[in-house]
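Here the structure is laid out as structure tokens; the discussion comes afterwards.
Here, each number is a calculation from the coordinates, and none is a lab measurement. Note that this is a predicted model, so its numbers are computed, not measured. Cβ sites come from the backbone with ideal geometry, for glycine too, and all protein chains shown count toward neighbours.
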Amino acid sequence: MLDIALTFSLATVVLALLLNVYRLAKGPDMPDRLLALDTMYVNAIALIVLMGLWLNTKTYFESALLIAMLGFISTVAVCKYLLRGDIIE
């Protein structure tokens, strides 16, 4: 039963990732593209965690945590750049 649930959730996360790539390419303006990129980080983290569950290893969870931290910092930096024009004050 767990294999079926993991397969279904992997397929839906990959579908969500593909839809985010579409929004990233066709977004009407920069904030929409930034939101799509931020959502892609979340989907990538979900994909890595699901792969860790499927392969039963702990290494994937550590890499998902690292990607989450980098994704948050880069999102804050890009938002600050879009609002103020510079990152470091």
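Just a few scattered comments:
- Extension gain, residue 30 to residue 78: 0.36 nm times the residue separation minus the Cα-Cα distance gives 16.2 nm.
- For the chain, the convex hull spanned by the alpha carbon atoms encloses 77 Å³ per residue.
- The residue 8 and residue 69 beta-carbon pair, evaluated with R₀ = 41 Å, returns a calculated FRET efficiency of approximately 0.90.
- Take every pair of alpha-carbon atoms less than 8 Å apart whose residues are at least six positions apart; their mean separation over the length of the chain yields a relative contact order of 23 percent.
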